[in-house]
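No lab work stands behind these numbers, since they all come straight from the coordinates. Quantities reported herein were computed from a predicted structural model and do not represent experimental measurements. All Cβ positions, glycine included, derive from the backbone under ideal geometry; neighbour counts span all protein chains shown.
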Amino acid sequence: MSIRLRNGRQTKVHYDQGRPPWISSRLQDFFGMLDTPRIGPDNTPLVIHLLAPNHRAVQITTDLAGFWKRLYPQVRRELMRRYPKHAWPEQPQLEQGAPKANPDTERLSVVVLSQTFVYWWRCGCERFRVGLGGGGGSGGRPARASRSLFVALKRFR
């Protein structure tokens, strides 16, 4: 089971024997949330593992509203020094969460990289074949290690 946070990111709900259910996500993902997420028919509050940008736990709580009031100012000071490029608002419960990365943009960068590789492959194929082969009386064929690389690149084409 997973739960959708305010910024659109989904996080998995973990169930451990003898412990209440818990979730973990970056602290910025909880910006804009006033209260702790609850699940089930009896509205069980989730234990929240609030993570720093390096994905290490900063705080574990079941009372998000209390965390924003009492502990966040101190945590904010520490995180502002350690991660100055990230947003650390004074009143995070009133902020919108950081938007989730656009998967279309990520796909586009992969496509551009793969098109660049294909372009390199098509333009440099002959130079690649000639540059790798020919050593040790192989009759112009690629050497054994180079040949396996050539075959792998040919399959990509």
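Tell me, please, whether a residue that is assigned to a loop (DSSP other than H, G, I, E, B), surrounded by fewer than 14 Cβ atoms within 10 Å (Cβ to Cβ) and of a type in the set (Asp, Glu) can be found in the range 51-63. Full working, then the answer.
Keep residues of the range 51-63 that are assigned to a loop (DSSP other than H, G, I, E, B), which gives 52-56, 62-63.
Restricting the remaining residues to those that are surrounded by fewer than 14 Cβ atoms within 10 Å (Cβ to Cβ) gives 54-56.
Pick out the ones that are also of a type in the set (Asp, Glu) and you get none.
No, the range 51-63 contains no residue that is assigned to a loop (DSSP other than H, G, I, E, B), surrounded by fewer than 14 Cβ atoms within 10 Å (Cβ to Cβ) and of a type in the set (Asp, Glu).
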Query raised in the report: Between a first residue in the range 57-79 that is hydroxyl-bearing (Ser, Thr, Tyr) and a second residue that is assigned to a helix (DSSP H, G or I), which pairs have beta carbons less than 8 Å apart while being 6 or more apart in sequence or on different chains?
Result: Thr61/Phe67; Thr61/Leu71; Tyr72/Pro92
Requested in this report: Could you grab me the full set of residues in the range 47-90 that are more than 19 Å from Asp35 (Cβ to Cβ) and hydroxyl-bearing (Ser, Thr, Tyr)?
Outcome: Tyr83
